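Worksheet for the structure shown next.
The values are calculated or read from the model by the stated rules, or taken from the named source; none is laboratory data. Fair warning: this is a prediction, and the values are worked out from it, not measured in the lab. Don't worry about glycine lacking a Cβ; one is built from the backbone with ideal geometry, like all the others, and counts go over all protein chains shown. With ligands, DNA and RNA removed, areas are computed over all heavy atoms of the protein, side chains included. Shrake-Rupley method; radii C 1.70, N 1.55, O 1.52, S 1.80 Å.
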Amino acid sequence: MTGPTSMSTEQIWQAVDTERAGLAEMLEALPETEWDHASLCDGWRVRDVVAHLVLSARPRIGWLLLNLARARGSLDRAIRDTAIRHADARTSAQLLAELRESIGARVAPIGTTPTDRLMDLLVHGQDIAVPLGIAHTVPVAAARSALDRIWRTGAPFHAPEKFDGYRLEATDTDWAVGDGLVIEGSVTALLLVLTGRDVAADQLAGAGAARWTSR
């Protein structure tokens, strides 16, 4: 990796607060109908994504184990189902209030880190904004920390394996990883692509971009 990308734990939590506040501001302006608009997350409406972000800010081990059992041991299904149930039981105004209440929360579910919370907010913010045609800015420093985390962590994205034979280079900072054909893009585009959001593929450039998008 290139470039000094580290943030202190305090800086990460401050960035988390900033993202929660910015997302709440964006959601406050949404017409009620757009809360039911499809997000980039397969099978999730905007309100379901918001519910997921609310729930991840207040994890409780007993509650997590109960819902994991309800999902027959599938963590992915548990995350999806609990978010949808939570969203269905609340109005948009209640979800927005809960998101605002999460500002300042400094808790990470077992097995995750503060940077995971930051990455989740950055990516899910785009999951909401992109389908609605909203420009929602991703701060470069925060995105770089999230990109580092994604690249160094295996599940669920397995980025080094998926991009074996490519070198990823950010065009708006000095972040770069990997070896091989170059794929260039903004930190926002790289965040989306590394987390499986191919909607950003047309924002990539470089010798490796066409080959990777046609895989």
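For the range 122-182, the relative contact order is 22 percent, taking Cα pairs closer than 8 Å that sit 6 or more residues apart in sequence and dividing their mean separation by the residue count. For LEU181, the solvent-accessible surface with a 1.4 Å probe is about 60 Å², rounded to the nearest 10. Each of ILE134, ALA176, TRP151 was placed along the dipole of the range 91-215 (beta-carbon charges, centred on the mean Cα), and the one lying farthest toward the positive end is TRP151.
The magnitude of the dipole of the range 92-178, with charges of +1 and -1 set on the Cβ of Lys/Arg and Asp/Glu and taken from the Cα centre, is near 160 debye. Given the choices (i) -0.21, -1.37; (ii) -0.18, -1.32; (iii) -0.23, -1.20, log10 I(q)/I(0) by the Debye sum over Cα atoms at q = 0.07, 0.18 Å⁻¹ derived from the coordinates of this structure is entry (i).
The accessible surface of the chain, taken with every protein chain in place and a 1.4 Å probe, is 53 percent carbon and sulfur.
Determine the percent antiparallel among the DSSP beta bridges restricted to the chain, to the nearest 5. Walk me through the intermediate numbers first.
Details: 5 of 10 bridges.
About 50 percent, rounded to the nearest 5.
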